[in-house]
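Data block below; observations after.
The values are calculated or read from the model by the stated rules, or taken from the named source; none is laboratory data. As the structure is a prediction and not an experimental result, all values here were calculated from the model. A quick note on method: Cβ atoms are made from the backbone with ideal geometry, for glycine too, and the neighbour counts reach across all protein chains shown. Protein only, heavy atoms only, side chains kept; ligands, DNA and RNA dropped before computing areas. Shrake-Rupley method; radii C 1.70, N 1.55, O 1.52, S 1.80 Å.
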Amino acid sequence: MPGGRLTQQERQQIALGVSGDLPYAEIARRLGRPTSTITREVLRNGGPTAYRADLAHRATERRARQRRQVPPGRSRTPAQAHGRDAAAVREYEETFTTLFMQSGLPRIAAGVLTCLYTTDAGSLTAAQLVERVHVSPASVSKAIALLESQGLVVRQRAEGRRERYVADGDVWYQAMIAAARSNAQIADTARQGVRLLGRDTPAGVRLENMARFMDFVGERIAHAAEQARDLLSAGAAPPADADPLGAGNPEPSPPGDAATAR
């Protein structure tokens, strides 16, 4: 498997694969690269709809020049505590950032959120985020505003006029509840189509099945999110073999029963 940085020829192959709607895993297989390398490359350089090999290569060279221009004695990588491997930590942070980007966050906002989750301090100032993410203060400010609007981070007043930013511990509960609401909206819209197109038509049957599926999944997501938040709030953890929904709790109606209930 080849190592090192991607070559311009490899980026051209990536561009061809992306334009041909190939999965990242298939592009990676053809190049003999890890799938994570291809994923980061595409998301870091415009995403699947805007990736261009020449611009990506130029951007990579520019970042390399910027790293070489860092004054001696000022490392771009914060010193690692607890004997951690700095290279392994950077790789992990890149992977985490990529996952956030795949969920829809812009690159800088994803990097900021990764920093907030992986810092031992529990919170960071804007200046610390600028140093860790390697972007301008304005970019950090914009990213924080976006993350705040989505309920992913909160501000805390620090000494003087400074503020610190924290990744909200309730964020995953809010994300799951939002997903459940989205599923409910999809189900409602699908049933509007059933009434419009006819329950006994092929299209109506297809939309009714979609609605039943979304109802079932959404109810389970919301129920599990409530239980998980209660467990974490109490400082408890369920046994490894426990039913996450709880044996004593009523199960949501399975998809096969949804049509009867309605």
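A Cβ distance below 6 Å, combined with a sequence gap of six or more or placement on separate chains, defines the contacts here; from the stretch 213-226, residues that are closer than 15 Å to residue 178 by Cβ and in contact (Cβ under 8 Å) with a residue 24 or more places away in the chain reach residues that are hydroxyl-bearing (Ser, Thr, Tyr) and in a helix (DSSP H, G or I) in the pairs 225/173. I want to confirm something. Restricting to the stretch 90-142 and keeping residues that are within 14 Å of the chain's Cα centre (by Cα) and of a type in the set (S, T, N, Q), which single residue is nearest to residue 159 (Cα to Cα)? Once the filter is applied, the top-ranked residue is 114. Checking each residue in the stretch 143-163 for being under 18 Å from the mean Cα position of the chain (by Cα) and either in contact (Cβ under 8 Å) with a residue 24 or more places away in the chain or within 18 Å of residue 107 (Cβ to Cβ) (or both) picks out 143, 144, 145, 146, 147, 148, 149, 150, 152, 153. Among the residues examined, residue 125 does not qualify as touching a residue at least 12 places away in the same chain (Cβ under 8 Å) and within 20 Å of residue 175 (Cβ to Cβ). Check the stretch 123-138 and report whether any residue there is part of a strand (DSSP E or B) and over 26 Å from residue 233 (Cα atoms). Checked the stretch 123-138: at least one residue is part of a strand (DSSP E or B) and over 26 Å from residue 233 (Cα atoms).
In the stretch 184-201, the qualifying residues are those that are of a type outside the set (A, V, I, L, M) and either open to solvent by 100 Å² or more (accessible area, probe 1.4 Å) or in contact with a His (Cβ under 9 Å, 6 or more places away or on another chain) (or both), and the one that is nearest to residue 218 (Cα to Cα) is 185.
For the stretch 3-46, filtering for residues that are part of a helix (DSSP H, G or I) and open to solvent by 70 Å² or more (accessible area, probe 1.4 Å) leaves 9. Filter the stretch 128-138 down to residues that are of a type outside the set (Lys, Arg) and in contact (Cβ under 8 Å) with a residue 24 or more places away in the chain and give me whichever is least open to solvent (accessible area, probe 1.4 Å). Result: 129. Scanning the stretch 79-114 for residues that are assigned to a loop (DSSP other than H, G, I, E, B), open to solvent by less than 50 Å² (accessible area, probe 1.4 Å) and small (Gly, Ala, Ser) yields a count of 1.
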